DNA sequence: ATGGCGCGTCAAACGCGA
């Protein structure tokens, strides 16, 4: 079972790329972020033609997440628990049926948090706390789950080509990094890091300044696995080739392969 | 050394991202 995550930066702008990617790589499940589409406007029919069921949590203009699955998709939940005031569409999860039972999959789009001196940064940290509280509940269920998405966190200096350039950025603040570490110390595994322990593994390159040509990237898209999912982890990777396609997203897909 | 983009909204700039 292959589970992929991809911040596509607009599902309408990226429709041809997304379809090309799915035809080529054929993941069983793909978690999308920044669909920038209302739920009703999501082009579900074209994905269904490729054999995917769609669970969508959109909003007007910004944000928006989705899970597309070739395997039976059940018990869809939208919205991160813990704050009824939060209207931003950044979380969706579903139960996926697999031969050995179930796998829970969440598509998450954590807040960027910039500028740090504004209310955006505490919103980011609060959101991450809510995410942590939610998966702590899931851990108690002792089921395999994958929380995949754009965490907007550079975990370590080795996850940036130029870490010094990010020191004042919300993505690399000590508080952001600490929130990520707490999730790992609480039992989740960073699958990409486990399978690729060295530096130079990036998932995002800015559109500006020829960042991709200079490989001036950062690793901010992550797949965090529960212990039961980690037991089944066969491989993980990043598909950086899509960044070289016409009209690319600034993020590339990252994936895990699980024995299920 | 610096700055260099792109999407969506909406019809010209602007909010937002990272």
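The values are calculated or read from the model by the stated rules, or taken from the named source; none is laboratory data. Just so it is clear, the model here is predicted, and its values are computed rather than measured. Reconstructed Cβ throughout: ideal geometry from the backbone, glycine too, with neighbour counts over all protein chains shown.
Observations, loosely collected:
- Residue count for segment A:196-218 under the criterion of being in contact (Cβ under 8 Å) with a residue 24 or more places away in the chain and crowded, with 16+ Cβ neighbours inside 10 Å: the result is 9.
- Taking the numbered list (1) surrounded by 14 or more Cβ atoms within 10 Å (Cβ to Cβ); (2) within 12 Å of DNA strand B (Cβ to nearest atom) in turn, residue A:40 passes all entries but (1).
- First in segment A:125-136 and under 12 Å from residue A:147 (Cα atoms), second anywhere and in a helix (DSSP H, G or I) and at pLDDT 95 or above, Cβ under 8 Å, 6 or more apart: A:131/A:183; A:132/A:179; A:132/A:182; A:132/A:183; A:135/A:183
- Residue match in segment A:54-75 (condition: within 11 Å of DNA strand B (Cβ to nearest atom), on the phi > 0 side of the Ramachandran plot, in contact with a strand residue (DSSP E or B) (Cβ under 8 Å, 6 or more places away or on another chain) and at pLDDT 95 or above): yes
- Hits in segment A:132-179 (condition: exposed (fewer than 14 other Cβ atoms within 10 Å of the Cβ) and either within 13 Å of DNA strand B (Cβ to nearest atom) or assigned to a strand (DSSP E or B) (or both)): A:162, A:164, A:165, A:168
- Selection status of residue A:183, outside any strand (DSSP E or B) and closer than 25 Å to residue A:120 by Cα: yes
- For segment A:43-70, the set of residues classified as surrounded by fewer than 21 Cβ atoms within 10 Å (Cβ to Cβ) and either touching a residue at least 24 places away in the same chain (Cβ under 8 Å) or closer than 13 Å to residue A:8 by Cα (or both) consists of A:43, A:46, A:50, A:59, A:61, A:62, A:63, A:70, listed by residue number.
- Filtered residue count, segment A:9-27, keeping only those that are surrounded by 21 or more Cβ atoms within 10 Å (Cβ to Cβ) and either over 21 Å from residue A:248 (Cα atoms) or within 9 Å of DNA strand B (Cβ to nearest atom) (or both): 2
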